[in-house]
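Just below is one structure, and these are the notes that go with it.
The values are calculated or read from the model by the stated rules, or taken from the named source; none is laboratory data. On a predicted model such as this, the values are computed, not experimentally measured, just so you know. All Cβ positions, glycine included, derive from the backbone under ideal geometry; neighbour counts span all protein chains shown. The area values use the complete protein model at the heavy-atom level, side chains included, leaving out ligands, DNA and RNA. Shrake-Rupley method; radii C 1.70, N 1.55, O 1.52, S 1.80 Å.
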Amino acid sequence: MTANVSIQSVTQTYGAALALDHVSLEIAAGEFVVLLGPSGCGKTTLLNLIGGFAEPVSGKILIGGKDMAGVGPSRRPTTTVFQDYALFPHMTLADNVGFGLRMRGVAKAERRAKAEEMLALVGLPGKADRRPHELSGGQRQRVALARALAVSPDVLLLDEPLGALDLKLRRAMQDELKAIQRRVGTTFVHVTHDQEEAMAIADRIVVMSAGKIADIGPPREVYLHPKSLFSAAFMGEINQIPVIQGQSPLGPVAQGTGTLLIRPEAIGLTGTLPLGPCRVEDAAFFGTYVRAHISPLAAPDLRLTVHLPQASSSAPGDILTLFATDHVILEA
Ligand code: ADP
Ligand code: MG
């Protein structure tokens, strides 16, 4: 029903191109892990190696403590949900969901019962005799999820499963995916390039960049205390201010040399790190906040993005005395 996954120094190449560079990752049984990163960073490659669709050039993958080298996809305790969910159009939903069980020689009545149970789990009770063309995109993706869960995998692999859905439906499906994962307890490894999706569903986010892990941790940790400039910027907008031997354009901040990182929402009228009087360059109403660019008078070349309170009526030319609350210094 669930298993841990151990990825040990896995490298993968396509010809001369290095797609994964000595990636190591421990995933606990029952954990919801999201592989997050831009297109081409190696997410699908890593997922395919876990699923057995390819073998790594070097390194090892263990599932439930067993070395998976040479074990094909159908003999692994994994199933995969792809973005193009590829249901069989001529089959009923029950037959689609029961397909993997049929391949495993499970009798018809038992398949039917399991299919109905899985369809109910994904929010499609009583639809077993429908056909895929009668469903919306979101409903079809639920059927694909039911089909993958029907064979009771230890590890479910999901490659951008919500990518084809519109934003509103995607947000709703994220909540459901999380709830279903909690109910079944299966280990989920989910690939996306959408950092909001990652934060919505993950126990831990693995930020990937150019075939390597750039950061890893719970959403709050990766967002508030990024361990690399890449993950800091990929998780959302962030101000990057150079620090050289403890000096920043804003004054002394700390020892060492590196980058002072401040999220736009961590700048306001109170805080621990004074930015001094700042000139508002522009301001726009964004609904839940006012997004503005400011330049500290002490460092006029610095242009920082800030999220001011919704009620703020700041206009270009105004002078505000600002502070940062949360900030991180990444040493170079
Ligand atoms: P992601 O899923 O993060 O977008 P991929 O794992 O698909 O990334 O790809 C990682 C890198 O490997 C990319 O540079 C991509 O161009 C390359 N790549 C992926 N699949 C192949 C393939 N079948 N042949 C050659 N290069 C590939
Ligand atoms: Mg991909």
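Note on Asp129 and Ala311: the model spin-label points, each 7 Å out from Cα along the C-beta direction, lie 6.0 nm apart.
Extension gain for the segment Glu196 to Ala254, taken as residue separation times 0.36 nm less the Cα-Cα distance, is 17.8 nm to one decimal.
Each residue of the range 102-115 is assigned a 3J(HN,Hα), and the resulting list reads 4, 4, 9, x, 6, 5, 4, 4, 5, 4, 4, 4, 5, 4 Hz, derived from the Karplus form 6.51 cos²θ - 1.76 cosθ + 1.60 (θ = phi - 60°), x at Gly and Pro.
Across every direction, the projection of the convex hull enclosing the Cα atoms of the range 6-94 has a mean area of 7.5 nm². Taking only protein heavy atoms and a 1.4 Å probe, the accessible area of the chain is 55% carbon and sulfur.
With both labels modelled 7 Å from their Cα along Cα-to-Cβ, the Glu237 to Arg220 distance reads 2.5 nm. When you restrict to C-alpha pairs under 8 Å that are six or more residues apart and normalise by the size of the range 79-209, the relative contact order lands at 29 percent. For Ile244, the shell of other residues with beta-carbons less than 15 Å away shows a net charge of -2, using +1 for Lys and Arg and -1 for Asp and Glu. Share of pairwise Cα-Cα distances greater than 28 Å in the range 187-326 is 27 percent (whole percent). Modelled label positions at Phe285 and Asp67, each set 7 Å beyond Cα in the direction of Cβ, lie 6.5 nm from each other. Close amide H pairs (under 5 Å, H built 1.01 Å from N) link Leu158 with Val81, Val189, His190, Val191, residues at least 5 positions away or on another chain.
For the pair Ala120 and Thr11, the difference between a 0.36 nm per residue extended length and the Cα-Cα distance amounts to 35.2 nm. In order along the range 230-243, the phi-based Karplus estimate (6.51 cos²θ - 1.76 cosθ + 1.60, θ = phi - 60°) of 3J(HN,Hα) comes to 4, 5, 4, 6, 6, 6, x, 4, 8, 8, 10, 10, x, 10 Hz; Gly and Pro are listed as x.
Summing Lys and Arg as +1 and Asp and Glu as -1 over all other residues whose Cβ lies under 15 Å from the Cβ of Gly52 gives a net charge of 0. Based on alpha-carbon atoms, the Kirkwood radius and the radius of gyration of the chain give Rg/Rh equal to 1.08. The slack between Ser39 and Ala179, meaning 0.36 nm per residue of separation minus the straight C-alpha distance, is 47.7 nm. Once each part is reduced to its C-alpha centroid, what is the distance from the range 111-180 to the range 301-332 in angstrom? Each part's Cα centre sits 43 Å from the other's. Overall shape of the range 251-320 was characterised from the C-alpha gyration tensor. The equivalent ellipsoid obtained from it has semi-axes of 22, 13, 10 Å, in decreasing order.
Counting only lysines at least 8 places from Lys43 when in the same chain, those with an alpha carbon closer than 24 Å to its own are Lys60, Lys66, Lys178, Lys212, Lys227. Taken over the C-alpha atoms, the range 111-270 has Rg and Dmax values of 20.9, 69 angstrom. For the range 73-158, dividing the convex hull volume of the Cα atoms by the residue count gives 88 Å³ per residue. In this entry, the range 1-154 is assigned a mean projected area of 10.1 nm², taken as a quarter of its C-alpha convex hull surface. Calculated on the alpha-carbon coordinates, the convex hull of the range 108-166 measures out at 87 cubic angstrom per residue.
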